[in-house]
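Nothing in this text is a laboratory measurement; each read-out follows from the coordinates by a stated rule. None of these values were measured; they are calculated from a predicted model. Here the Cβ positions follow ideal geometry from the backbone for every residue, glycine too, while neighbour counts run over all protein chains shown.
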Amino acid sequence: MKTATRFLVRRMRLSDIPQVLEVERQSFPSMWPPTAFRRELQQNRLAHYIVIGEANPAVADASGDEGPPELGPISRFLGEIKHILTGDDPAGLPPPDERAELITGFIGVWMLPDEAHIVTIAVRDSHRRQGIGEMLLIAGLDLAREKTQPLVTLEVRVSNDAAIRLYEKYGFEQVGLRPRYYSDNKEDAYILTANGVTTGDYAARLSTLREEHRARYGDFDVLGAGWHG
Ligand SMILES: CC(C)(COP(=O)(O)OP(=O)(O)OC[C@H]1O[C@@H](n2cnc3c(N)ncnc32)[C@H](O)[C@@H]1OP(=O)(O)O)[C@@H](O)C(=O)NCCC(=O)NCCS
């Protein structure tokens with residue numbers, strides 16, 4: 001029998017938005033306005049958002065997504081609409097250790113006609129350097145491969161060494177520069193691309209990296225059909 005794993009990779013839901021905004025605020029403190037995740041999920045047909053949730057077995061899940069059987073329909077309903085009542089505001093969230101599932105990070109990918117564009121990726125401060133960013137990137141690359149999109153692109157601050165190293169590990173290369181791209185401090189952005197992610201060579205590289213990740217951090221579960229929606 002398969003044992004339960006700590007981390008679950010799955011599609012972002014509306015009820016995740018307050019936690020996702022919390023991670024976004026930590027990760028991009030100068031970013032304003034915050035991403036309109038509700039509009040992204042409900043209206044942008046090109047957008048795909050994936051999160052990694054960490055289960056907290058000490059807390060019963062009252063979200064209504066996979067609530068325990070003893071929860072009545074009213075509690076489940078209230079759990080499901082809580083994010084609407086609180087207006088997605090992270091201020092309404094309980095402390096992290098009192099949540100049934102902690103959102104540890106997220107990635108957003110726009111499936112454009114000519115490229116898969118990674119529009120955002122971020123990991124909760126407390127959960128950095130535990131392989132979560134890497135697993136999110138693997139999920140984004142899997143998505144591009146599944147949609148048979150060989151070209152994956154993104155922009156990154158030239159000073160963002162952590163992110164640049166992560167991308168380089170997965171074969172991204174610098175193909176251009178966008179001068180003064182970021183409005184807060186006028187920092188330049190590198191344009192990075194991974195080309196040919198649908199090829200057999202890239203599949204082999206990804207498979208090796210995935211195995212190394214598994215050996216180092218253990219299994220991450222993928223919910224149902226995962227991001228393959
Ligand atoms: C970039 C970010 C997503 C990485 O997430 P993470 O979960 O901490 O990264 P991982 O633990 O999966 O590390 C994967 C690889 O990334 C690189 N990396 C991550 N953090 C690093 C750091 N502080 N210094 C150097 N390399 C780092 C390494 O190559 C690492 O592989 P290794 O462990 O084999 O050396 C995270 O630092 C973050 O959220 N930063 C703020 C938001 C941001 O800058 N997003 C990118 C916008 S383009």
Acute angle (nearest 10 degrees) that the helix 17-27 long axis makes with the longest principal axis of the chain, alpha-carbon atoms: 40 degrees
Amide N proximity, the stretch 134-163 versus ASN185 label position 7 Å along Cα-to-Cβ, cut-off under 20 Å: 155-163
Cα long-axis angle, helix 200-217 against the chain (0 to 90 degrees, to the nearest 10): 50 degrees
Helix-only [θ]222 nm of the chain, DSSP H runs n ≥ 4, -39500 (n - 2.57) each, per residue, nearest 500: -10000 deg cm²/dmol
Using alpha-carbon coordinates, inclination of helix 132-146 to the longest axis of the chain, degrees: 70 degrees
